[in-house]
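Data first, discussion second: the structure below is written as structure tokens.
The values are calculated or read from the model by the stated rules, or taken from the named source; none is laboratory data. Keep in mind it's a predicted model, so treat the numbers as computed, not measured. Positions of Cβ are backbone-derived with ideal geometry, glycine not excepted, and every protein chain shown enters the neighbour counts. Accessible surface areas use protein heavy atoms only, side chains included; no ligands, DNA or RNA. Shrake-Rupley method; radii C 1.70, N 1.55, O 1.52, S 1.80 Å.
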Amino acid sequence: MSTGPKVIRTKNSKSIVTFFLPFTTNAQTVLEKWIAELTEFGLTSADALFPRDIDLPHLSAVRPIADEPWPCWRGSSQVRRIVRMAFGVADVPEYAPHVFRHMFAQHALSLNLSIE
């Protein structure tokens, strides 16, 4: 699992070019620790960076199908549920997950990064 630019596997077999934008000073460290944890469970760069929550308890088990990556989420309903729960636990007003995309884009623009 690499943090460099890659074309990644997404829902409905779409591919997007992605990159890592460190939003906070420790974001890269947190991401690297998460990748190390997934690697300890035997996941590889072919697997999802954020496995389905239903699969998390089974990561130490044998792969569902030999030589196949762990299944990806098929939609955004799980992400919405997780975000809703996180806002509830933090006791703050809820925002839709898509708002994060706008927030990250605004942050990137404030850094005066090139479009490349």
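Kindly provide the set of residues from the range 11-49 that are part of a helix (DSSP H, G or I) and at pLDDT below 75, ordered by number.
Lys11, Asn12, Ser13
Restrict the check to the range 58-68 and report whether at least one residue is closer than 18 Å to Val79 by Cβ, at pLDDT 65 or above and open to solvent by less than 70 Å² (accessible area, probe 1.4 Å).
No, because not a single residue in the range 58-68 is closer than 18 Å to Val79 by Cβ, at pLDDT 65 or above and open to solvent by less than 70 Å² (accessible area, probe 1.4 Å).
Considering only residues that are exposed (fewer than 12 other Cβ atoms within 10 Å of the Cβ) and β-branched (Val, Ile, Thr), which ones fall in the range 72-116?
Correct list: Val89, Val92, Val99, Ile115.
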